[in-house]
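None of the figures in this text is laboratory data; all of them are computed from the coordinates on show. This one's a predicted model, so the numbers in the text were calculated from it and none came from an experiment. Don't worry about glycine lacking a Cβ; one is built from the backbone with ideal geometry, like all the others, and counts go over all protein chains shown.
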Amino acid sequence: MGLGDKIENAAQDAKGKAKETAGDATDDKSLQSEGLADQAGAKVKKAAENVKDIFKG
C-alpha cells in the first residue's frame, strides 16, 4: 500500500468519524449514515490494498 493511499484512507476514515459524531450531536440520522458509509469505504479500500500487498510480496 502506497503512502498516498494510506493518507487518503485515513482522511476518509477521519471524515466519516467526524460526520458520524456531528450526526450524533444533532440527532441527524442521515449524517450519521454518511459517516458510517465513509468509514466502511475506507476499511474496504484498506483491505483491498492489503490483499494487493500480499500478492506482490
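Show me the GluC sites (Glu not before Pro) within segment 1-52 that DSSP assigns to loop and that have at most 11 other Cβ atoms within 10 Å of their Cβ.
Here no loop site has a sparse enough neighbourhood.
How large is log10 I(q)/I(0) at q = 0.14, 0.18 Å⁻¹ when the Debye formula is applied to the Cα atoms of the chain, each weighted equally and without solvent?
Each listed q corresponds, in turn, to -0.42, -0.59.
For segment 5-17, in order, what is each residue's ³J(HN,Hα) by Karplus, 6.51 cos²θ - 1.76 cosθ + 1.60 with θ = phi - 60°, in whole Hz (x at glycine and Pro)?
Coupling constants for segment 5-17: 5, 4, 5, 4, 5, 5, 5, 5, 5, 5, 4, x, 5 Hz.
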